[in-house]
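Q: The structure is given below, and queries will be raised subsequently.
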Amino acid sequence: MRTVGWLPGRDIAWHHGAVPTLFALFLVFWVASLVLWIWALVDAIRVPEDRFYRAGTKLVWVLVIVLAGGIGAIIYLVVGRPDPATRAMLRLHGPPPAVVPPPPGGSILPPTP
């Protein structure tokens, strides 16, 4: 029986079995991070206005998520994602209508009779 490095009594088959297991574990974490990253990015983009974020703006959060990857997605979910009440309101009623101020006085011609 051949030993592997510092593991006395372990044969080569154990060592070769551990490498695919570690690779599979790494692959699972990588896929989970990618899914979280995509989900956070879509969630940040779908917020209709900057005022709904708990902190920051849409540009800031998209940049944080894109540049920091999985860590940026976690930061967005903890710090910037709109609170559950706001998300429920947006889901049920859609974004509130934009308030358009009236035009300044004298800028519109009076109607002709």
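Each value in this text was obtained by applying a stated rule to the coordinates, not by laboratory testing. Values in this document were obtained by computation on a predicted structure and should not be read as measured data. When we count neighbours, we look across all protein chains shown, and the Cβ atoms used for this are built from the backbone with ideal geometry, even at glycine.
Q: In vacuum, with every alpha carbon of region 33-92 counted as one equal point scatterer, what does the Debye formula give for log10 I(q)/I(0) at q = 0.15, 0.16, 0.22 Å⁻¹? Two decimals, please.
A: These q points yield log10 I(q)/I(0) values of -0.37, -0.42, -0.78.
Q: How long is the gain from residue 55 to residue 71 if the chain were fully straight, where each residue apart is worth 0.36 nm and the alpha carbon distance is subtracted? Provide the component values of the computation, followed by the final result.
A: Numbers: separation 16, 0.36 × 16 = 5.76 nm, distance 1.70 nm.
Computed gain between residue 55 and residue 71 is 4.1 nm.
Q: Compute the signed sum of charges (Lys and Arg +1, Asp and Glu -1) over the other residues within less than 14 Å, Cβ to Cβ, of residue 53. Write down the numbers at each step before the final one.
A: Values: positive: 46, 51, 54, 58, 81, 87; negative: 43, 49, 50, 83.
Here the count lands on +2.
Q: Taking 0.36 nm per residue of separation and subtracting the Cα-Cα distance, what length does fully extending residue 78 through residue 100 add? Can you show the working numbers first?
A: Details: separation 22, 0.36 × 22 = 7.92 nm, distance 3.31 nm.
Extending this stretch completely gives an extra 4.6 nm.
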